[in-house]
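This report concerns only the one structure given below.
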Amino acid sequence: MLPFDTPPSPPGAKAVSALTVSQLTALIRELLEEAFDDVWVCGEISNYKEHMSGHVYFTLKDETAQIRCVMWRDAAKRLRFRVHDGLQVLVRGRVSVFPPRGDYQLYVREMQPRGLGPLELAFRQLYEKLQKLGLFAPERKRPLPRVPRRIGIVTSPRGAVIRDMLRILGRRWPLAEIWIRPVTVQGETAPAEIAEALRWFGRLSGVVDVVIVARGGGSAEDLWAFNEECVAFAIRACSENGVPVISAVGHEVDWTIADYAADKRAATPSEAAEMVVPDQQEMRQLLQTWKRRLEQALRSRVQNARRHLESFLRHPVFRRPLQRIKEKVQLVDDLGSQLHQAMQHFLSERKQQLALLSSRLHALSPLQVLQRGYSLTWKEGEKALLRSSDEVAVGDCLITQLARGCLRSRVESVQSPGDAHS
Amino acid sequence: MTADEFDQTLVQLSFEQALTELEKQVDALEHGQLGLEDALACFERGVKLLRRCYQLLERAEQRVQELVSFSERGEAVVRPFSLAEEEATPGRAANSASAAQSKPT
């Protein structure tokens, strides 16, 4: 029997339960993950392999040690430079265990080429720290005043930087008063001086509208004061007090912690001077434009009013005030003549009717027959008209009615109705 | 605001305030539904603001001061600032800015 096959169990002691390999590995893993959740490691790359999957495997080593590293595809894709064996790098990641092999390894999520030096590392560490504290949060950026009345400048009182800035400010916007707080911009005391100057301007909220913290170009070491924590905090404090800060350190390519902390970063001090004030020539043009727009707007407003008025005047009521009345008169006239015509018509119709009746009556009158030369004859003393000679005898007295007047005559002879007329 | 009241506040306006106010008048006149009388008043204010802006521009002369310290009352103490090459001249008279308290250096 092998001595270590079972744990020794002294008599009387409780039975000790053994861990499985998986359990032990899990415990180690937990320990490692907790202790090395986020570490920066520098070393040299070896055994660098890019897998088909896009994941990257390598070993990071120095003179006396090495550690296996994995970089997952997503992180590897973000690399801006080519990685190869022998390259000195700075990686960031967490340590964990790969249980199937029992290896601990570094899971890398970021990689930087080395040769950056300790300053860069310090910069990055401070950057991370301040970012976590929210110092660079975009929502904390205070907008610059459009037209500052008083501008604070924190910089060296000597050299080209302040001269250039004053020249540009004087040319672009001489209305602004400049308050300079001279400081040393490099060396041991620089960070504290800069920070204090910024705090001073922070106390002048309402008096000073904006502050520029500036320094000309130089080496990374020269610009270092602007990578100090106290300067970054002083910048934020000044801004929170109501005085926005523009950082203008070095050249275009130099980014400092102050640049990130400031409300606005200018690539150079000259650019800061350009951006902090409007240009008076442009402002004059703007004023001219507004002047024209004011005049134009008023003119069109007046024209509008005039058109409105004219549209009223064009209304018939104003143009021909008697028209309505005339129209009424005409209406009455029309009705009058209609009435007249109707009356005329009525009358003439009646007249015609009357004439017709009268002529019919006329035609039937016996007098009409007499008129044509006929006559009526009857025996005197009798009523009946004579129609035949048989009815009279010689010697009878006859009355003859003519159209005009009567005759009384005596019969001399009688011819029979059958005889021819003599 | 009457025209007189407006004239009184006008002289106290900073350039930016005058500019912002001018912008408002232009906007109101261009897009507002102003009565004719209001439009005229608006125009008049705009012209006055323009004049104020031009006045400030014409009067402008860059003033550069150095922030020296703070007084007991918490007011900034400033003096005229000269560029490095002029600093050789001694016996510079101390001055104060309008918003600051005078204090000899």
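Taken over region A:208-230, residues that are modelled with pLDDT of 95 or more and either polar (S, T, N, Q) or assigned to a loop (DSSP other than H, G, I, E, B) (or both) amount to 1. In region A:231-242 there is at least one residue that is in contact with an Asp or Glu (Cβ under 6 Å, 6 or more places away or on another chain) and buried (at least 17 other Cβ atoms within 10 Å of the Cβ).
Residues that are out of contact with any helix residue (DSSP H, G or I) (no Cβ under 9 Å at 6 or more places or on another chain) and among the basic types (Lys, Arg) within region A:264-298 comprise just one, A:Arg292.
Note on region A:50-73: residues that are aliphatic (A, V, I, L, M), more than 14 Å from A:Gly86 (Cβ to Cβ) and over 50 Å from the mean Cα position of the chain (by Cα) total 2. In region A:305-422, counting only helices (runs of 4 or more DSSP H) that sit wholly within it, the ones holding 2 or more residues that are free of Cβ contacts under 8 Å to residues at least 24 places away in the same chain and loosely packed, with under 10 Cβ neighbours inside 10 Å span A:316-319, A:323-364. For region A:154-173, does any single residue satisfy the condition of being at the interface with chain B (Cβ under 7 Å from one of its Cβ atoms), touching a residue at least 12 places away in the same chain (Cβ under 8 Å), in a strand (DSSP E or B) and within 39 Å of the chain's Cα centre (by Cα)? So far as region A:154-173 goes, no, none of its residues is at the interface with chain B (Cβ under 7 Å from one of its Cβ atoms), touching a residue at least 12 places away in the same chain (Cβ under 8 Å), in a strand (DSSP E or B) and within 39 Å of the chain's Cα centre (by Cα).
Please pick out the residue among B:Arg73, B:Arg59 that is of a type in the set (Lys, Arg) and modelled with pLDDT of 85 or more. Step through it out loud before you land on a result.
Numbers: B:Arg59 fails: modelled with pLDDT of 85 or more.
Just a single option satisfies the conditions, and that option is B:Arg73.
I'm trying to understand the selection: among the residues of region A:217-229, which are free of Cβ contacts under 8 Å to residues at least 60 places away in the same chain and either in contact with an Asp or Glu (Cβ under 9 Å, 6 or more places away or on another chain) or of a type in the set (Ser, Thr, Tyr) (or both)? Hits for region A:217-229 are A:Gly217, A:Gly218, A:Ser219, A:Leu223, A:Ala225, A:Phe226. Filtered by the rule that a residue be surrounded by fewer than 19 Cβ atoms within 10 Å (Cβ to Cβ) and part of a loop (DSSP other than H, G, I, E, B), region A:259-268 gives a lone residue, A:Ala267.
Mind checking which residues of region A:174-184 are more than 10 Å from chain B (Cβ to nearest Cβ) and crowded, with 22+ Cβ neighbours inside 10 Å?
Result: A:Val183, single match.
Scanning region A:27-47 for residues that are farther than 15 Å from A:Phe98 by Cα, surrounded by 14 or more Cβ atoms within 10 Å (Cβ to Cβ) and charged (D, E, K, R) yields a single hit, A:Glu44. Does region A:250-258 contain any residue that is surrounded by fewer than 17 Cβ atoms within 10 Å (Cβ to Cβ), hydrophobic (A, V, I, L, M, F, W, C) and either touching a Gly at 6+ places or on another chain (Cβ under 8 Å) or more than 14 Å from chain B (Cβ to nearest Cβ) (or both)? Yes, region A:250-258 contains a residue that is surrounded by fewer than 17 Cβ atoms within 10 Å (Cβ to Cβ), hydrophobic (A, V, I, L, M, F, W, C) and either touching a Gly at 6+ places or on another chain (Cβ under 8 Å) or more than 14 Å from chain B (Cβ to nearest Cβ) (or both). Each residue in region A:218-257 was checked for being in contact with a Phe, Trp or Tyr (Cβ under 9 Å, 6 or more places away or on another chain) and under 14 Å from A:Ile153 (Cβ atoms), and 5 of them qualify.
Looking at (1) within 11 Å of chain B (Cβ to nearest Cβ); (2) out of contact with any Ser or Thr (no Cβ under 8 Å at 6 or more places or on another chain), find the lone condition where A:Gly187 falls short. Of (1) within 11 Å of chain B (Cβ to nearest Cβ); (2) out of contact with any Ser or Thr (no Cβ under 8 Å at 6 or more places or on another chain), only one is false for A:Gly187: (1). Among what's in region A:136-153 and is more than 11 Å from chain B (Cβ to nearest Cβ) and not in a loop (DSSP other than H, G, I, E, B), pick the residue that is surrounded by the most Cβ atoms within 10 Å (Cβ to Cβ). Among them, the one singled out is A:Arg140.
If the condition is being surrounded by fewer than 20 Cβ atoms within 10 Å (Cβ to Cβ) and at the interface with chain A (Cβ under 7 Å from one of its Cβ atoms), then region B:11-22 contributes B:Ser14, B:Glu16.
Assessment of region A:192-214 against the conditions (away from every other protein chain (no Cβ under 12 Å), among the charged types (D, E, K, R), under 42 Å from the mean Cα position of the chain (by Cα) and surrounded by 17 or more Cβ atoms within 10 Å (Cβ to Cβ)) yields no matching residue. Close contacts from region A:279-300, counting a first residue that is more than 8 Å from chain B (Cβ to nearest Cβ) and a second that is surrounded by 13 or more Cβ atoms within 10 Å (Cβ to Cβ) and of a type outside the set (Phe, Trp, Tyr), with Cβ to Cβ under 6 Å and a gap of 6+ residues or different chains, come to A:Asp279/A:Arg172.
The values are calculated or read from the model by the stated rules, or taken from the named source; none is laboratory data. Remember, it's a predicted structure, so these values are computed and weren't measured experimentally. Because the Cβ atoms are built from the backbone with ideal geometry, glycine has one as well, and the counts that use them run over all protein chains shown.
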